[in-house]
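The next block holds one structure in the form of structure tokens; read it before the comments.
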Amino acid sequence: MSVFRRDPAEVIAELESLRAADAPTHGGRVLSYVYDSGEHALDELAGEAARLVQPVNGLDPTTFTSVAAMESAVVGFARRVFHGEAGGAGAGDGDGADADVVVGSVTSGGTESCILAVKTARDAWRAAREGTPRIPRLVAPVTVHAAFHKAAELLGLALDLVPVDPATGAPRVDDLEERLGDDVALVVVSAPSYPFATLDPVAEVAAICAARHIALHVDACIGGFALAFWPGELPAWDFAVPGVTSLSADLHKYGYAPKGVSVLLTRGRDRQRRQYFATTAWPGYPVVNPTLAGSRPAGPLAASWAIVQALGEPGFVELTGRAARATAALRSLVDGIEGLQVVGDPTGPLLAVATDDEVAPDRRVDPHHWADAARTAGWHLQLQPGLVQSDGTRLPHTTHLTITPVTESVLPELSAALVAAADAVRGAPPIDGGELLAGLAAQLPGGADALAAASVRQAQGAAAGLDSDSAASLLVAFGLLGGAGATGALPDRLAPVLALVEALPGPLTERLLVELLARVVEPRPAGSD
Ligand SMILES: Cc1ncc(COP(=O)(O)O)c(C=O)c1O
């Protein structure tokens with residue numbers, strides 16, 4: 001008897017129709033989340049490689065030896081392009097030659113690489129201070145990726161975020177240096193940062209860390225595999241810099257692999273062994289994992305292995321050149337649009353665009369209105385909220401662009417759309433989040449008091465926080481959720497949503513976003529589809 005209840009072809013047809021509703025992953029219309037090389041044959045190769053290893057379990061590279069071979073080759077490639085061969089420039093802490101060997105692992109993505117870098121540093125810090133009850137600190141510019149917020153929360157570190165220059169998004173070395181002390185287990189800098197594409201001053205920070213024997217992680221998750229092949233000279237930012245102890249770079253970004261693959265490189269075998277979890281203290285097979293997952297798919301690894309083999313360094317140079325040319329073109333385009341400006345001095349294939357406050361208010365372009373206008377023309381830019389830093393200064397709200405090799409092939413259409421979008425919204429003031437919120441609060445059953453009470457409840461922490469029904473009714477009142485918890489597509493305009501994110505207290509926004517995301521995947525009651 002057949003085990004199939006539905007014809008597989010029909011199942012695939014259903015998936016195809018679900019996929020048709022997705023934002024387009026190819027063709028350069030989505031300028032975040034996806035990294036399109038523009039080379040169809042490369043995607044085909046990746047797909048074929050992933051399929052070949054579909055049944056393999058990456059948990060045990062001694063049983064599935066293809067996993068060991070591919071992981072070693074991918075780590076070897078990353079070590080070479082990030083100047084970690086022959087130990088790079090050394091840990092800078094005077095340990096023996098072995099301490100300089102750069103080794104690594106393939107992980108499931110940037111967040112996992114970041115979490116593991118923090119675990120490794122925490123455990124090294126603890127080992128050097130046995131019996132110390134103190135909580136270790138993680139110091140980083142406020143622009144560090146939120147994956148480090150997650151890592152600190154999961155691993156019990158205090159996160160010490162250092163304000164950056166609000167005009168440029170760049171951290172100041174002196175400000176970071178002031179925060180260093182014996183309780184710092186790890187400093188993290190970015191190459192480049194996601195919000196403003198700043199290449200943090202890696203060499204300067206490495207020097208102050210090495211002098212104090214503090215570990216330094218370079219988060220090159222997004223830009224690493226682009227910066228390594230970037231045209232022209234860049235300041236040294238990888239293992240060429242003495243004192244860099246680990247580095248993360250994602251193959252599922254500018255390595256053009258399908259999602260689920262990143263590398264974490266660590267200087268020093270002994271340091272890196274702290275990344276592992278090992279136990280024989282149970283009656284099953286010995287568990288020895290360098291990563292958070294147990295059983296691991298081999299597909300993303302195989303796909304990235306195949307891409308690396310096929311492209312080699314010359315292929316990466318060619319693809320990076322396309323992204324770099326497109327980035328330069330868009331940067332000068334934006335600089336030429338009255339009312340907008342590129343923030344700071346971005347390095348790599350990312351841009352953050354803010355309002356140009358130098359021009360008269362009626363000539364300014366709000367970047368969120370601009371993104372919404374571009375979206376109606378089919379171009380998806382990413383809205384980033386403003387942020388008040390711990391020193392009271394405010395980072396502007398911006399619109400983010402991730403530029404990929406395919407962008408070069410759509411530059412004329414994209415440029416025209418960006419200019420037209422700016423023309424359409426020039427002079428429209430940014431949404432006043434406070435005003436919007438007051439209006440929405442007045443319509444709540446309990447009025448503004450109900451919102452204030454919700455904020456207080458949430459600020460008291462998770463235990464006292466909002467229950468899911470109260471959170472959902474706020475979302476319904478804000479128009480972000482249909483009645484009775486039904487989810488819908490995102491609203492047409494995202495600027496008002498971002499204005500709310502900026503105006504609501506952080507803990508309440510976070511709780512509401514949790515509710516929204518959880519409701520999106522909650523199965524509907526039977527018969528409601
Ligand atoms: C600098 C940086 N670090 C870490 C991450 C997290 O990567 P992932 O989304 O693969 O977990 C990102 C994602 O964009 C990033 O830009």
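The values are calculated or read from the model by the stated rules, or taken from the named source; none is laboratory data. Worth saying up front: this structure is predicted, and the values here are computed from it rather than measured. Counting neighbours? That spans all protein chains shown, and the Cβs are built from the backbone with ideal geometry, glycine included. Accessible surface is based on the protein model in full, side chains and every heavy atom, while ligands, DNA and RNA are left aside. Shrake-Rupley method; radii C 1.70, N 1.55, O 1.52, S 1.80 Å.
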Open item on the list: So if I check each of Gly348, Gly344, Gly299, Gly378, which one is at pLDDT 95 or above and within 30 Å of Gly58 (Cα to Cα)?
Closed with: Gly299
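Residues are listed down the side, and each one gets a yes or a no for (1) closer than 18 Å to Thr404 by Cβ; (2) open to solvent by 60 Å² or more (accessible area, probe 1.4 Å); (3) within 25 Å of the chain's Cα centre (by Cα):
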position: Asp335; (1), (2), (3): no, yes, no
position: Leu350; (1), (2), (3): yes, no, yes
position: Glu358; (1), (2), (3): no, yes, no
position: Pro361; (1), (2), (3): no, yes, no
position: His368; (1), (2), (3): no, no, yes
position: Thr376; (1), (2), (3): no, yes, no
TODO: Mind counting the residues in the range 109-126 that are near the ligand (Cβ under 8 Å from one of its atoms) and among the aliphatic types (A, V, I, L, M)?
DONE: 0
TODO: State all residues of the range 206-241 that are open to solvent by 10 Å² or more (accessible area, probe 1.4 Å), away from the ligand (no atom under 16 Å from the Cβ), touching a strand residue (DSSP E or B) at 6+ places or on another chain (Cβ under 9 Å) and not charged (D, E, K, R); if no residue qualifies, say none.
DONE: Ile208, Ala210, Ile214, Ala215
Open item on the list: The conditions are (1) open to solvent by less than 30 Å² (accessible area, probe 1.4 Å); (2) without any contact (Cβ under 8 Å) to a residue 24 or more places away in the chain, and Ala328 fails exactly one of them. Which is it?
Closed with: (1)
Open item on the list: Just to check your reading of the model, which residue among Val353, Val288, Val308 is in contact (Cβ under 8 Å) with a residue 24 or more places away in the chain and part of a strand (DSSP E or B)?
Closed with: Val353
- [ ] Return yes or no: is Gln309 open to solvent by 10 Å² or more (accessible area, probe 1.4 Å), at pLDDT 95 or above and within 22 Å of Gly28 (Cα to Cα)?
- [x] no
Open item on the list: If I ask for residues that are open to solvent by less than 30 Å² (accessible area, probe 1.4 Å) and either within 18 Å of Gly268 (Cα to Cα) or within 14 Å of the ligand (Cβ to nearest atom) (or both), which ones from the range 182-194 would you list?
Closed with: Ala185, Leu186, Val187, Val188, Val189, Ser190, Ala191, Pro192, Ser193
Task: Single unsatisfied condition, Thr143 versus (1) touching a residue at least 40 places away in the same chain (Cβ under 8 Å); (2) within 18 Å of the chain's Cα centre (by Cα); (3) surrounded by fewer than 23 Cβ atoms within 10 Å (Cβ to Cβ) - done: (3)
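When only residues in the range 372-412 that are small (Gly, Ala, Ser) and in contact (Cβ under 8 Å) with a residue 24 or more places away in the chain count, which is farthest from Ala354 (Cα to Cα)?
The qualifying residue farthest from Ala354 (Cα to Cα) is Ser409.
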TODO: Could you please give the count of residues in the range 378-388 that are open to solvent by 10 Å² or more (accessible area, probe 1.4 Å) and more than 18 Å from the chain's Cα centre (by Cα)?
DONE: 2
Open item on the list: I'm told Ala293 meets every condition in (1) open to solvent by 10 Å² or more (accessible area, probe 1.4 Å); (2) assigned to a helix (DSSP H, G or I) except one. Can you identify the failing condition by its number?
Closed with: (2)
Open item on the list: Looking at the range 128-148, can you tell me whether even one residue there is of a type in the set (Ser, Thr, Tyr) and within 16 Å of the ligand (Cβ to nearest atom)?
Closed with: yes
TODO: List the number of the failed condition for Asp174; all other conditions in (1) without any contact (Cβ under 8 Å) to a residue 60 or more places away in the chain; (2) over 17 Å from the mean Cα position of the chain (by Cα); (3) outside any helix (DSSP H, G or I) hold.
DONE: (3)
Open item on the list: Report every pair of residues separated by at least 6 positions or lying on different chains whose Cβ atoms are under 7 Å apart, first residue within the range 434-447 and on the phi > 0 side of the Ramachandran plot, second part of a helix (DSSP H, G or I).
Closed with: Gly447/Ala441
- [ ] Please work out if Glu408 is within 21 Å of Val34 (Cα to Cα), over 20 Å from the mean Cα position of the chain (by Cα) and among the acidic types (Asp, Glu).
- [x] yes
Task: strands (runs of 3 or more DSSP E) wholly inside the range 242-281 that include at least 2 residues being within 16 Å of the ligand (Cβ to nearest atom) and modelled with pLDDT of 95 or more - done: 246-250, 262-267
Open item on the list: Suppose the filter is touching a strand residue (DSSP E or B) at 6+ places or on another chain (Cβ under 7 Å), under 16 Å from Lys259 (Cα atoms) and in contact (Cβ under 8 Å) with a residue 12 or more places away in the chain; does Ser37 pass it?
Closed with: no
